[in-house]
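Structure record follows, encoded as structure tokens.
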Amino acid sequence: MKNLLLTLSILPLFSFTQNYTISGYLTDVESGETVIGGAVYERKSGSGVTSNEYGFYSLTLPSDSVDLVYTVMGMTTVRTKFVLAADTTISIQFEPEGYLTEFEVTDKTQVHDGTEMGTVDLSMEKVKNLPALMGEKDVMKTIQLLPGVQGGTEGSSGIYVRGGGPDQNLILLDGVPVYNANHLFGFFSVFNADAINSVKLVKGGFPARYGGRLSSVIDIRMKEGNMKEFHGEGSVGVISSKLTLEGPIKKDQTSFLISARRTYIDILAQPFIRAQGDGLKAGYFFYDINGKINHKINDKNRLYFSAYNGNDKAYLNDEYSNTNNGVKYTNKEEAELKWGNWITALRWNNQLSNKTFMNVTATHSRYRFLVGASFEDIEEENGNVDQSRFSYSYTSGIFDWGGKVDFDFVPTADHHIKYGAGYIYHTFRPGVNQFASNFNGAAQDTTFGNVDLYSHEFSIYIEDDWKISKRLKINLGYHHSGFLSANKFYQIPQPRFSGRYRLNESSSLKLSYSRMAQYLHLLTNPGIGLPTDLWLPVTDTIPPQISDQVAIGYARTFKKQYEFSVEAYYKTMENIIEYKDGASFLGSDQDWQTLVEIGRGWSYGGEILLEKKEGKTTGWIGYTLSWTERQFDNLNFGKKFPYRYDRRHDIGVAVTHKFNDRVDVGMVWVYGTGNAVTLGLERYNSANNYFNLGSFGYGQITHIEERNNYRMPSYHRLDLGVNLHKEKKWGEATWSFGVYNIYNRQNPFYLDFSLNDQGNRALIQYSLFPIIPSVSYSFKF
């Protein structure tokens, strides 16, 4: 009784507060598209969350009066006040800036507040406003302008992030890996800007939900389709045209999007090709199609189905006939080169509760490559026909079936927990060579190459974005993956950490550590620039690639529209592979494992990014200072050597300015230290035991001191563009004029020893793109 009385007397001294959850979805009022990364902020407590990839948010607060602010870049801010006395659902539809709104709020979520490091969200509006090669707006080319990201050769859309290779980038389209993201031999990417909703680049401080590659994640999300009205947009450019249509199948419940693009280089070139010979047919074209269906089952369940199909094809057909002494001779030659991707994803979203969101995805992807040629000779005399034919083809590819489940759990405003698991069934076709011949009825077929390889990839993860105090916030994560191939099972733990310490209301310090594992290897042909690269799994002799990266940085927001960040990083890479000297997989019947060396790599440096996100003038200036090295025991005498794309300095400037609703301009300037290449600077004669017309001869040997011992000239160029918009009764029309490489810089494409104009052997630079003007017409309705 005494204890009970004591307890009752103490109870009034404590106040018990009930917590309730506010949850809902953020969407665009005009299209019904979900808003990714929209900020929800409670002003009194300072608590806040952001919407996930499907617009869902959840914020748990004590029962009290609340003052909520909803913000997203480019949209009108929404503010609402009420007394929180029960779990509440609030879904916000944002209007474009400039609309009248009931609330006026100046508070904005600042970049320095998050735990992310090395992460950039790319505005699609900015991509479309910047000038581009031949007027073809390209997401991957815009990403190349960011610090820490380097392009490959002149004009290509390949990227090299913080010293990594092209195979170390996890490129996702609606969550599905893309194995070859290039059109036109790498000069354009497969991503049609008109079909894309958002792009996120992660270079370091990787969240635990990502895995499978060492150097970067490029997470691209397609548009979902307008739920409200039917709309379309398209363009006609110098080399290609495209058209996008979207709208409701059933208003506010089901929508569709379809976007198609095709180049017509083959059509425009036909008159010039036919002039070279009556029987000559040749050309090149690419096309891609994006499609998506979005169905809202109810307020808590949605279905999505998205698909992509794209192909490149180059072909040549030549036929020549003549008659000599009553004998008709006919020669036929055919050649083709084609590659392409097929990607599909079926997704189900379910809001399990006001604190838990689930996403289940089934995926399929296919990448195929084919190069082939055939030659046929026919002799006809007095009704007798002698025919001989020879053909060769080389095919490769990778085929995936996969599934994954992801959960977002927000127990309190201080914790945002993500967890999930995934599985991928890989089929590798590492290169099949096929020869066929038929000489006067004697047929013979020969096929060699590795047989199909089958592998299983597993992954689980958990991460918690934890606000420990007003100043300190961390993201703790763990990713665990396994890979089964050829009866060899690998599993690698991958801890992740990133955190920020807020120095004041506008700046913070950041620190991150990430371990990444990669079970796929890419054999890159060191010679020709064709997409003959081969994806292959780890084996019992070729282990997984592993990287460890640590980074430290400082981020600051000032004047509410400028964001400044500086980061320093150090990364090590183990078990990377490279061809042995003189080796190539194309046309070889050897096991690929015997053609490569296993080594390690290092990359370290610093990056600076200054960005202006709001106002009539927007854009960024990025600078990278970096070192990247490789080391293989049996290459370069075991000594370290600079990676081919090791660039000491790299600068990217991108600026757009809007004069008014009718005129805006864009400017891009890039500078990069020249690529490292291997050149032999001395030659000497060597007695070779070969016979030339029965006589003993001498050969020449090129002496190479070390790999990548020479620097190509630096790369730089300036691009300018202007967009002229005009309102029409049916929508908007835009004329875009651009100039690529406006001061006609002769940038190196490759170097080779050859004879100069004076007949002397010299190192000759070959350039690809001079000054190139472009014009395109686009429309929206």
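Provide the per-residue ³J(HN,Hα) series for the stretch 314-322, in order, calculated from phi with Karplus coefficients 6.51, -1.76, 1.60 and θ = phi - 60°, each as a whole number of Hz, with x at glycine and proline positions.
Listing the rounded values in order: 10, 9, 8, 10, 9, 9, 9, 10, 8 Hz.
I want to check the label-to-label distance for Ala486 and Ala335. Put each point 7 Å from Cα in the C-beta direction and report it in nm to one decimal.
Roughly 3.3 nm, to one decimal.
Report the label-to-label distance for Ser767 and Leu522 in nanometres (one decimal), using points 7 Å from each Cα along the Cα→Cβ vector.
2.9 nm
Whole Å is fine, so just give me how far the alpha carbon centre of the stretch 453-467 lies from that of the stretch 316-389.
For the stretch 453-467 versus the stretch 316-389, the Cα centre distance is 36 Å.
Just tell me which lysines come within less than 18 Å, Cα to Cα, of Lys281; anything on the same chain fewer than 8 places away is out.
Cα-Cα hits under 18 Å: Lys313, Lys332, Lys338.
Cross-link candidates for Lys328: which aspartates and glutamates have Cα within less than 20 Å, leaving aside residues fewer than 8 places away along the same chain?
Asp278, Asp318, Glu319, Glu376, Asp377, Glu379, Glu380, Glu381, Asp386
Can you find, among Ala733, Asn709, Asn760, the residue farthest towards the positive end of the dipole of the stretch 705-781? Put +1 on the C-beta of Lys and Arg, -1 on that of Asp and Glu.
Of the options given, the answer is Ala733.
Could you give the dipole magnitude of the stretch 551-654 about its Cα centre, charging the beta-carbon of Lys and Arg +1 and that of Asp and Glu -1, in debye to the nearest 20?
For this selection, approximately 740 debye.
For Ile546, what charge total do you get from the other residues with a beta carbon under 12 Å from its beta carbon, if Lys and Arg give +1 and Asp and Glu give -1?
For residues surrounding Ile546, the net value is +2.
Quick one: net charge around Ile771, please, counting Lys, Arg +1 and Asp, Glu -1 for every other residue with C-beta under 13 Å from its C-beta.
Residues near Ile771 contribute +1 overall.
Kindly write out, for the stretch 487-494 in residue order, the coupling ³J(HN,Hα) from the Karplus curve 6.51 cos²θ - 1.76 cosθ + 1.60 (θ = phi - 60°), rounded to whole Hz, with x marking Gly and Pro.
With coefficients 6.51, -1.76 and 1.60, one gets 6, 10, 10, 10, 9, 9, x, 9 Hz.
How much length is gained on full extension from Leu346 to Asp757, taking 0.36 nm per residue of separation minus their Cα-Cα distance?
Residue separation times 0.36 nm, minus the Cα-Cα distance, leaves 141.9 nm.
Which net charge results when you count Lys and Arg as +1 and Asp and Glu as -1 among the other residues whose beta-carbon is under 15 Å from that of Phe781?
Net of charged neighbours comes to -1.
Roughly how many Å is it from the Cα centre of the stretch 176-192 to that of the stretch 38-80, as a whole number?
Answer, in whole Å: 37.
For Lys729 and Asn325, what is the calculated FRET efficiency with R₀ set at 51 Å and r taken between the beta-carbons, to the nearest 0.05?
Using R0 = 51 Å, I get an efficiency of 0.10.
Put +1 on the Cβ of every Lys and Arg and -1 on every Asp and Glu Cβ in the chain; which of Ser547, Gln93, Gly420 then has its Cα farthest towards the positive end of the dipole?
The one lying farthest along the dipole's positive direction is Gln93.
Among the GluC sites (Glu not before Pro) in the stretch 426-527, which ones are in a DSSP loop with at most 15 other Cβ atoms within 10 Å of the Cβ? Mind listing them?
Sites meeting the loop and neighbour criteria: Glu505.
Rank Gly163, Ala260, Tyr210 by how far each Cα sits towards the positive end of the charge dipole of the stretch 161-277 (+1 on Lys, Arg Cβ; -1 on Asp, Glu Cβ) and give me just the farthest.
Gly163
Per 0.36 nm of contour for each residue apart, how much would the distance between Arg662 and Asp548 grow if the chain were fully extended, relative to their Cα-Cα spacing?
36.2 nm
What is the spin-label model distance, in nm, from Glu379 to Glu706 if the labels are put 7 Å beyond Cα along the C-beta direction?
Those two pseudo-labels are separated by 5.9 nm.
May I ask you to derive the relative contact order of the chain, considering only C-alpha pairs under 8 Å and at least 6 residues apart, and to give it as an integer percent? It would help to have the intermediate numbers written out before the result.
Details: 2176 pairs, mean separation 76.1, N = 781.
For the chain, the relative contact order is 10 percent.
Determine the gain in length on full extension of the stretch Ser469-Ala85; use 0.36 nm per residue of separation and subtract their C-alpha separation, reporting nm with one decimal.
Full extension from Ser469 to Ala85 adds 135.7 nm.
Check cross-link reach from Lys580 to the lysines: straight Cα distance under 22 Å, and skip same-chain residues fewer than eight apart.
The reachable lysines, counting only those whose Cα sits under 22 Å from Lys580, are Lys639, Lys640.
What does the charge dipole of the chain about its Cα centre add up to, to the nearest 20 debye, if the Cβ of each Lys and Arg holds +1 and the Cβ of each Asp and Glu holds -1?
Value, rounded to 20: 2400 debye.
Using θ = phi - 60° and the Karplus curve 6.51 cos²θ - 1.76 cosθ + 1.60, what whole-Hz ³J(HN,Hα) does each residue of the stretch 212-229 get, with Gly and Pro shown as x?
Computed from phi, the couplings for the stretch 212-229 are x, 9, 8, 10, 7, 10, 10, 9, 10, 10, 6, 4, 9, x, 5, 7, 9, 9 Hz.
With a cut-off of 20 Å, note down the residues of the stretch 706-742 whose backbone N falls inside the zone around a label point 7 Å from the Cα of Phe637 toward its beta carbon.
706-711
Sort 376-389, 37-50 by the packing proxy (mean of other Cβ within 10 Å over each peptide's residues), most packed first.
Most protected by this proxy first, the peptides run 37-50, 376-389.
Taking the solvent-accessible surface of protein heavy atoms with a 1.4 Å probe, what is the per residue accessible area of the chain in Å²?
That works out to 46 Å² per residue.
Would you please put 240-247, 21-28, 187-194 in order of how densely packed they are, using the mean number of other Cβ atoms within 10 angstrom per residue and starting with the highest? Numbers along the way, then the final one.
Details: 240-247: 19.9, 21-28: 22.6, 187-194: 24.4.
The most tightly packed comes first, giving 187-194, 21-28, 240-247.
Per the helix-only calculation at 222 nm, which mean residue ellipticity applies to the chain, given -39500 (n - 2.57) for every DSSP H run of n ≥ 4 and division by its residues, nearest 500 deg cm²/dmol?
Mean residue ellipticity at 222 nm (helix-derived): -1000 deg cm²/dmol.
The stretch 281-311 to the stretch 609-646: how many Å between their Cα centroids?
Taking the Cα centre of each part, the stretch 281-311 and the stretch 609-646 sit 34 Å apart.
Around Ser767, which amide H atoms from residues at least 5 apart in sequence, or from another chain, sit under 5 Å from its own amide H, with H modelled in the peptide plane?
Phe749
Calculated FRET efficiency, Leu625 and Phe458, Cβ-Cβ r, R0 41 Å, to nearest 0.05? It would help to have the intermediate numbers written out before the result.
Numbers: r = 39 Å, r/R0 = 0.94.
Step by step, r from the Cβ atoms, then E = 0.60.
The values are calculated or read from the model by the stated rules, or taken from the named source; none is laboratory data. Remember, it's a predicted structure, so these values are computed and weren't measured experimentally. When we count neighbours, we look across all protein chains shown, and the Cβ atoms used for this are built from the backbone with ideal geometry, even at glycine. Areas reflect the complete protein model, heavy atoms only, side chains present, ligands, DNA and RNA absent. Shrake-Rupley method; radii C 1.70, N 1.55, O 1.52, S 1.80 Å.
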